[in-house]
Amino acid sequence: MKKKEMVAMLLAGGQGKRLKGLTKSLAKPAVYFGGTYRIIDFPLSNCSNSGIDTVGVLTQYEPLVLHSYIGVGSDWDLNRKDGGVFVLPPHERENGSSWYRGTADAIYRNLKFVDQFDPEHVLILSGDHIYKMDYNAMLQYHKARNADCTISVIDVSLEEASRFGILNTDEDLKIYEFDEKPAKPKSTLASMGVYIFKWDVLRKHLLEDGEKASSSHDFGKDIIPLMLEDGNSLYAYPFVGYWRDVGTVTSLWEANMDLLSDHPPLNLNDPNWRIFTRNPNQAAQYVAPEAKVSSCIINEGCIVHGEVKHSVLFYGVEVGEGSVITDSVIMPKVKIGKNVRIHKAIISENTVIEDYMEIGIERENEDEILLIDNRSKKRKSVAAKTI
Amino acid sequence: MKELLGVINLDHELDKLNELTYFRCGAAVPFASRYRLIDFVLSNMMRAELESVGLFVRRKYRSLMDHLGDGKSWDMNRKHGGLFILPPDWNDPTDTSLGDLQHYHNNLDFFKRASAKYIVFSGSQHINTVDLQDVFQYHLEKGADVTLVYKAIDQLQPEHDPCLRLELNDNNLVTEIHQEKHHPNVYLDIFIMEKKVFLEQVEYCIAHGESFFFRDVIQKNRANFKLAGYEYKGYHAVINSLESYYKNSLELLKQENYRDLFQENPVQTKIKYEAPTRYLDSANVSNSLVANGCIIGGTVENSVIFRGVQVREGARIINSVIMQKCIIEENAVIENVIMDKDVHLSKERILVGDSKRPFVIAKSSKI
């Protein structure tokens, strides 16, 4: 294998329990977002756009969809002779088998994969955030400081800070302390879960950590504190731009809604930073004479007869006459009958909504986002009622 | 299907779509929001699982080649077979062939190397969803020398005038091929025949100074061949003039046409990585086809909008076809217009064509 300056390792094994029915049989990175994408499209496209051509994708939970979705990586221009995208599930070895025990363990178990490319640096990514980022710019920052590790950070509010890994730095952004989900955060610099390590330094620490029975084998909890202890130089890289964790039904819904303003904070139409995805190859969307569409995103293959307001429609969705959809996310191939009303809901793929159904209207808890799942037997009684 | 070799012959097609075909051949003309005319025949061939498809082009094929690439979009980037784009390449000084026979003569290797025993020929102007496997089975059952595909048209339109007609007997055998305007059986420019017979006829015709295979072999020799007619009953449109292009584009807004063309089987095309279309708060859209990558803030009525088009607030688009990446600025008005790719229309401009004769704006204009 040709030597690479930097190899990316994308952690995509997460179950994403807080996404409830959406991840019942789907790994979180494969969850749909933004009318046509899956969450993993963002880090993969960022890699492709940043000129990183070697990406290992570490899978574990319900990997089928993810594996077949990534395929040979041609949709992200990652089908390369040297490098490209590699799907890396946990595997059995001479001394037995086990699942990835933590984020660091996942990399530890794929040391040989990274070693093949003999990289100077390794980029660690997670597959559950929506953002556009030039990893190459971060690499230049990392190299300019001769850092052993650079952690991308985003400024969050003080109230939110205890949900994240918080970095405490001196003035030139050199990290002296890392608090994983601190009760009393000392700063508002939150780790985005994007790390660049010098490979030889990380390798050494992974080997050390891998043998430790007491370790949880996690980057935030174990590796970063260990490196700080050992006196390595760690820097924070301040990221400016849209970044969102879409780990819960509500945050997934909110991130979708963020796309709907006339000037959305995340521009998906930038020809210089496209988000690539597997194209379902559908005919153009048809907006019928009686239809009304405004403040919404609609994908190809949709046939709209009703009204769609402030909502996201994935491909192949049909909306019958007289139906009104507001503040909702409708996933692929959902068939919505006539005179249906849907408000503040996420409808998962392939669901059929019968005529005259009401979903999310006159609800008790306005803040809650209803998740209508095609497998959920309770659907009718819990979420909907017939007029 | 290894028994059948695909040939798409564009040689006899005239580029009669005015501005739309000044710099591209008819097969490369964008159609139906995100396709080009060639996509429909290629998708039919893909569905029939043909191992190899040869595409004979002669002029203005740059944009066609760009669109087709290595054939991946139609699953035709294969180790064995796949898509072969065969532009003119006349190297044989002793060659006396003319017309499309020239193509066939110069690409005999393409035919000989293919393992297929039969060939299906098609043009690109007739948009249809014909099942070529079914036509092939019919051809074998009929024991015909040649099987021609036709559609009985209820209401003939001006664009059918230049089309050939098939006269059939009770046994569905073709008795006449002519161009009588009022005959309903329009020939779809698709036929199947045995490769061996085809090659013999090519050789014979060249020796006898002929030039066009269909005219000189099939049409003239109808008495010597057993010609079967296969009736196709699905969606059909002929795009051979600007008027037919415009009319058939807007006809797709009828739901039965949209469903007939797209619902059963997806039509494949070159993939663009566009975001889904975004409608702003001010958008007002009705009875329209809209592709991905658009940002629409204005009014769109009864129109076909291609990928990446921007319609700014207050702009009005009525009965029009707007191709890829056009920008229509605030308060501009467009009615009965075909706008080719990359046109930029400034604020408050008004372009109005006639509903029978749409106004055509050439590619990359800035108005």
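The values are calculated or read from the model by the stated rules, or taken from the named source; none is laboratory data. All values reported here derive from a predicted model rather than from experimental measurement. Positions of Cβ are backbone-derived with ideal geometry, glycine not excepted, and every protein chain shown enters the neighbour counts.
Scanning segment A:59-100 for residues that are modelled with pLDDT of 95 or more and aromatic (Phe, Trp, Tyr), we see that the one that is farthest from A:Gln140 (Cα to Cα) is A:Tyr69. When you scan segment A:284-310, how many residues do you find that are in contact with a Gly (Cβ under 6 Å, 6 or more places away or on another chain) and within 8 Å of chain B (Cβ to nearest Cβ)? Qualifying residue count, segment A:284-310: 2. Looking only at residues in segment A:14-58 that are modelled with pLDDT under 95, of a type in the set (S, T, N, Q) and assigned to a loop (DSSP other than H, G, I, E, B), the one that is nearest to A:Ile196 (Cα to Cα) is A:Gln15. Only one of the numbered conditions (1) touching a helix residue (DSSP H, G or I) at 6+ places or on another chain (Cβ under 8 Å); (2) closer than 16 Å to A:Thr150 by Cα; (3) free of Cβ contacts under 8 Å to residues at least 40 places away in the same chain is violated by A:Tyr176, and that is (3). Within segment B:227-251, residues that are among the polar types (S, T, N, Q) sit with their Cβ atoms under 6 Å from residues that are in a helix (DSSP H, G or I), at 6+ positions apart or across chains, in these pairs: B:Asn240/B:Glu159; B:Ser241/B:Glu159; B:Ser244/B:Glu159.
Checking the stated criteria, B:Phe56 turns out to be of a type outside the set (A, V, I, L, M), away from every other protein chain (no Cβ under 14 Å) and touching a residue at least 24 places away in the same chain (Cβ under 8 Å). Which of (1) in contact (Cβ under 8 Å) with a residue 12 or more places away in the chain; (2) of a type outside the set (A, V, I, L, M, F, W, C); (3) surrounded by fewer than 20 Cβ atoms within 10 Å (Cβ to Cβ) does A:Tyr195 not meet, given it meets every other one? The number of the failed condition is (3). Would you check if there is a residue in segment A:257-270 being in a helix (DSSP H, G or I) and either closer than 23 Å to A:Ala345 by Cα or aliphatic (A, V, I, L, M) (or both)? Yes, segment A:257-270 contains a residue that is in a helix (DSSP H, G or I) and either closer than 23 Å to A:Ala345 by Cα or aliphatic (A, V, I, L, M) (or both). Considering segment A:337-381, and only residues there that are at pLDDT 90 or above and among the polar types (S, T, N, Q), the residue that is surrounded by the most Cβ atoms within 10 Å (Cβ to Cβ) turns out to be A:Ser348. You will find that of A:Asn281, A:Asn272, A:Asn256, A:Asn267, the residue that is under 21 Å from B:Tyr273 (Cβ atoms) and at the interface with chain B (Cβ under 7 Å from one of its Cβ atoms) is A:Asn281 and no other. Out of B:Asp354, B:Asp342, one residue alone is assigned to a loop (DSSP other than H, G, I, E, B), more than 14 Å from every other protein chain (Cβ to nearest Cβ) and more than 25 Å from A:Asp258 (Cα to Cα). It is B:Asp354. The residues of segment A:124-148 that are in contact with a helix residue (DSSP H, G or I) (Cβ under 6 Å, 6 or more places away or on another chain) and either within 19 Å of A:Ile224 (Cα to Cα) or modelled with pLDDT under 95 (or both), listed by number, are A:Leu125, A:Gly127, A:Asp128, A:Asp148. Looking only at segment B:97-109, residues that are in contact (Cβ under 8 Å) with a residue 40 or more places away in the chain and charged (D, E, K, R) come to 1 in all. From the list A:Asp172, A:Asp118, A:Asp179, pick out the single residue that is surrounded by fewer than 23 Cβ atoms within 10 Å (Cβ to Cβ), at pLDDT 95 or above and outside any helix (DSSP H, G or I). So the residue among A:Asp172, A:Asp118, A:Asp179 that is surrounded by fewer than 23 Cβ atoms within 10 Å (Cβ to Cβ), at pLDDT 95 or above and outside any helix (DSSP H, G or I) is A:Asp118. The test for being crowded, with 24+ Cβ neighbours inside 10 Å, over 20 Å from the mean Cα position of the chain (by Cα), among the small types (Gly, Ala, Ser) and under 26 Å from B:Ser63 (Cβ atoms) does not hold for B:Gly353. Scanning segment A:325-335 turns up no residue that is in a loop (DSSP other than H, G, I, E, B), free of Cβ contacts under 8 Å to residues at least 40 places away in the same chain, surrounded by 24 or more Cβ atoms within 10 Å (Cβ to Cβ) and within 14 Å of another protein chain (Cβ to nearest Cβ).
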